[in-house]
Amino acid sequence: MEPGTVQNLNLLLQFGLPLALILFAYFIGSMLEKRHFRSIGAREDALHGFPVTTFRNLPQNWQVGQAELVTGNVVVSLDYFKRIIAGLRGLIGGRVKTYEPLLDRARREAVLRMVESAKSRGFDAVVNVRLDTSRLANSRGNGEGTAGVEMLAFGTALKLDGR
Amino acid sequence: MKFIPRKARNDVNVSPEHPLVEATTLVVGLGLIFAVILVALLFLVDLLLWFVPPEKEIRMFDAWLPEDIATVAVDDPRLETLEALLARLSRHWPDAKYPFRVEIDDSPQANAMAYPGGLIVVTAGLIEQTQSENELSFILGHELGHFHNRDHLRGLGRGALLLILFTAISSSDNSAALGSSIANLTLSGFSRSQEAKADRFGLALVHAEYGHVADAWRFFSRINNARGGLLQSYLATHPPPKDRIDRLAGYAREQGWSSDGSVTPLDWPQDPSAP
């Protein structure tokens, strides 16, 4: 092989492969993200008007027939592209913008699942909603575990006899 | 008061900036910052060289030998030949402040290196693969050129600074990868100009010694045809032979140096330890 070819191959392996991986992760990741946001938007529209509050106390005119715990949880993984950009961002600081959609998707999806579960079981409202999050795996890019965000939404679902 | 639910019009929790814009800004911005720091450090090393004049360097590295080479026995007769050749060549550089020493590394890989304190290490593999004195003179002259430009100390200083720089940013694997790519690109540019300068200096010594530059780069023509194997080491630390030959031939033409002349053959004294 010509030495030029060897050098080009080296260059390709050193820069081309990671770059291809990052671009692949970006295109697949952003496609999945867009699809998820579309799904979230449509389901939020469908549930529009269903009372979901963080209040602990009920309005005085609500007459509760039945109360039950409802939960919704979700784990969203981050992609290689987001991880790389966040790693670079970590050098200089600032908003980690690539992680913001992840948290948003997780929060809205968890609340949606909780509300969907309440509605499908015939409840009329969810009150005292709380959100909790925990880190499932190491988010450093050292290949240990899959970094992602876990979100848990829970609240008290109510069946109302009258309001 | 009646509560009327309304849909949120926009999502304040997600930045509107396109991720590719952020990616480009970060990579280009950080790359530039890193390159500026790197170049500044390289110039700092050059500046520091002023504080280590050759006299001080010689005191610091007196009789020093790098640990990773296996030198041949001190009574190896080939050492005498090399020392005599080196002495003849360095006569044409009267301002040299170094007491040049030469050692043979017992490695089959062909290579030659310049070390602090005026030490030139030639491998046994190189001795076997050079076919005339003129070839060997040019290789020694090239290493003398590194002393002339003080590349040997510069390399040491740059290595130390890069180590510090990478340790500082290695908290993030990705940024360390970006940094080392930029460092490689920058350094290879720098070392190419160093090698070219050392080549010109070496060729001038060869011309001064023989009155012509015949055969000076024949070693490279040969390794250009048969590469790999035992030459890997030389090719890893020196420029590709084809470019080098072209540059050397061009420089000789520019200077009006004849490439015709009688070539001095090499006759090595028999190595007593050889089977």
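The values are calculated or read from the model by the stated rules, or taken from the named source; none is laboratory data. A quick note: this is a predicted structure, and the numbers were derived from the prediction, not measured. In this analysis, Cβ positions are derived from the backbone assuming ideal geometry, glycine residues included, and neighbour counts consider all displayed protein chains.
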*asked:* From the list B:GLU55, B:GLU22, exactly one residue is acidic (Asp, Glu), part of a helix (DSSP H, G or I) and surrounded by 14 or more Cβ atoms within 10 Å (Cβ to Cβ). Which is it?
replied: B:GLU22
_Where the second residue is of a type in the set (Gly, Ala, Ser) and assigned to a helix (DSSP H, G or I) and the first is at the interface with chain B (Cβ under 7 Å from one of its Cβ atoms) and lies in region A:87-107, which pairs have Cβ atoms under 7 Å and are six or more apart or on separate chains?_
A:GLY87/B:SER175; A:LEU88/B:SER175; A:LEU91/B:SER175; A:THR98/A:ALA86
*Would you check if there is a residue in region A:64-73 being more than 15 Å from A:ALA157 (Cβ to Cβ), more than 12 Å from chain B (Cβ to nearest Cβ) and touching a strand residue (DSSP E or B) at 6+ places or on another chain (Cβ under 7 Å)?*
yes
*In region A:1-24, is there at least one residue being crowded, with 16+ Cβ neighbours inside 10 Å, hydrophobic (A, V, I, L, M, F, W, C), in a strand (DSSP E or B) and within 10 Å of another protein chain (Cβ to nearest Cβ)?*
no
*Out of all the residues in region B:37-51, is one or more at pLDDT 85 or above and under 30 Å from A:TYR99 (Cβ atoms)?*
yes
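Here is a yes/no grid of residues against (1) away from every other protein chain (no Cβ under 14 Å); (2) touching a Pro at 6+ places or on another chain (Cβ under 7 Å); (3) at positive phi; (4) part of a helix (DSSP H, G or I):
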position	(1), (2), (3), (4)
B:LYS7	no, no, no, no
B:ASN10	no, no, no, no
B:LEU38	yes, no, no, yes
B:ARG78	yes, yes, no, yes
B:HIS92	yes, no, no, no
B:VAL102	yes, no, no, no
